[in-house]
Amino acid sequence: MRDSLEEQARRYATEAHAAAGQRRKYTDEPYIVHPAAVAELVRSVTDDEQMIAAAWLHDTVEDTPSTLDDIERHFGPRVAELVDQLTDSAQPAAKNRAARKLAHFRHTADASPEAQTIKLADIIDNTRAIVQYDADFARVYLVEKQIQIQLLREGDSHLWQQAEQTIKKGLAQLAQPPHSVPESWFVKQAEKYGAIN
């Protein structure tokens, strides 16, 4: 019997990330723990198998030698389209992090509600890890994600609220000792990104 689409996606993503030698940055776990967490968050709000497959595959084109053509050949056009909407395209003209991130935010803002739902799940899982393991980077990352989720309103409302709460909790944590980041720092950081319309 042929494996389900999700099982095929899980196996493909596991093998692609492992072959690329990719590990989780802070824990050195196999990278697949992240797509697995994203897939579970997506599963909590939908039983759409193609969305769940795309959740498993969401980083493969960005982080491994896999191409969108590979994804389409194995999983069909809809899964490939979702992965494409979630892939951070290179911004060679962008001079700094803020400019690169703004370009990516606009890319995901134009994504379908289904892709936005997967992106929200991605943000939730990454935010938890970054706040736990890298408070310095979390200061910048949380401000960026606070801006980005405002552009992901077409995604699932439950995951949107969960993303917002996860970010707020992280910001509150950084405001407390031992970090004690003043609110003015976050405000100033947000200003670097300007108003996105």
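Please tell me if D134 is open to solvent by 30 Å² or more (accessible area, probe 1.4 Å) and within 20 Å of D84 (Cβ to Cβ). So that I can check it myself, show each step before the final result.
On the way: open to solvent by 30 Å² or more (accessible area, probe 1.4 Å): yes; within 20 Å of D84 (Cβ to Cβ): no.
Considered against the rule, which asks whether it is open to solvent by 30 Å² or more (accessible area, probe 1.4 Å) and within 20 Å of D84 (Cβ to Cβ), D134 comes out as no.
Somewhere in region 110-118, is a residue open to solvent by less than 30 Å² (accessible area, probe 1.4 Å), at pLDDT 95 or above and either aromatic (F, W, Y) or touching a His at 6+ places or on another chain (Cβ under 8 Å) (or both)?
The answer is yes; a qualifying residue exists.
Return the only residue of A16, A9, A98, A80 being of a type in the set (A, V, I, L, M, F, W, C) and within 18 Å of I123 (Cβ to Cβ).
Just one listed residue meets the conditions, A98.
Sort out which residues of region 160-182 are touching a helix residue (DSSP H, G or I) at 6+ places or on another chain (Cβ under 9 Å), more than 17 Å from I123 (Cβ to Cβ) and open to solvent by 90 Å² or more (accessible area, probe 1.4 Å), and write them in order of number.
Residue satisfying the conditions is P178 alone.
Restricting to region 137-154, name every residue that is open to solvent by 10 Å² or more (accessible area, probe 1.4 Å) and in contact with a Leu (Cβ under 8 Å, 6 or more places away or on another chain).
Selection gives R139, Q146.
Among what's in region 45-70 and is free of Cβ contacts under 8 Å to residues at least 24 places away in the same chain and either more than 18 Å from the chain's Cα centre (by Cα) or closer than 26 Å to H158 by Cβ (or both), pick the residue that is most open to solvent (accessible area, probe 1.4 Å).
Step one: filter region 45-70 for residues free of Cβ contacts under 8 Å to residues at least 24 places away in the same chain, giving 47, 67-70.
Within this subset, residues satisfying the condition of being either more than 18 Å from the chain's Cα centre (by Cα) or closer than 26 Å to H158 by Cβ (or both) are 47, 67, 69-70.
Numbers: D47: 141, T67: 61, D69: 106, D70: 34 Å².
Restricting to residues being free of Cβ contacts under 8 Å to residues at least 24 places away in the same chain and either more than 18 Å from the chain's Cα centre (by Cα) or closer than 26 Å to H158 by Cβ (or both), the top hit is D47.
Which pairs turn up if I take residues in region 78-98 that are open to solvent by less than 20 Å² (accessible area, probe 1.4 Å) and look for partners that are modelled with pLDDT of 95 or more and of a type in the set (K, R) with beta carbon separation below 7 Å, at least 6 apart in sequence or on another chain?
L86/K119
Restricting to region 153-197, name every residue that is assigned to a helix (DSSP H, G or I), closer than 29 Å to A55 by Cα and of a type in the set (K, R).
K168, K169
Can you spot a residue in region 34-44 that is of a type outside the set (F, W, Y) and over 15 Å from the mean Cα position of the chain (by Cα)?
Step one: filter region 34-44 for residues of a type outside the set (F, W, Y), giving 34-44.
Then drop every residue that is not over 15 Å from the mean Cα position of the chain (by Cα), which leaves 43-44.
Checking region 34-44: at least one residue is of a type outside the set (F, W, Y) and over 15 Å from the mean Cα position of the chain (by Cα).
The conditions are (1) acidic (D, E); (2) touching a residue at least 12 places away in the same chain (Cβ under 8 Å); (3) within 24 Å of Q132 (Cα to Cα), and D28 fails exactly one of them. Which is it?
Here D28 meets the rest and fails (2).
Identify all residues within region 8-25 that are under 16 Å from I71 (Cβ atoms) and either free of Cβ contacts under 8 Å to residues at least 12 places away in the same chain or small (G, A, S) (or both); write none if there are none.
First, the residues of region 8-25 that are under 16 Å from I71 (Cβ atoms): 8-17, 19-20.
Of everything in region 8-25, those that are under 16 Å from I71 (Cβ atoms) and either free of Cβ contacts under 8 Å to residues at least 12 places away in the same chain or small (G, A, S) (or both) turn out to be A9, R11, A13, E15, A16, A19, A20.
Looking at (1) in a helix (DSSP H, G or I); (2) more than 15 Å from the chain's Cα centre (by Cα), which is the only condition R106 fails?
(2)
The values are calculated or read from the model by the stated rules, or taken from the named source; none is laboratory data. Values in this document were obtained by computation on a predicted structure and should not be read as measured data. In this analysis, Cβ positions are derived from the backbone assuming ideal geometry, glycine residues included, and neighbour counts consider all displayed protein chains. Only protein heavy atoms, including side chains, enter the accessible area calculation; ligands, DNA and RNA are left aside. Shrake-Rupley method; radii C 1.70, N 1.55, O 1.52, S 1.80 Å.
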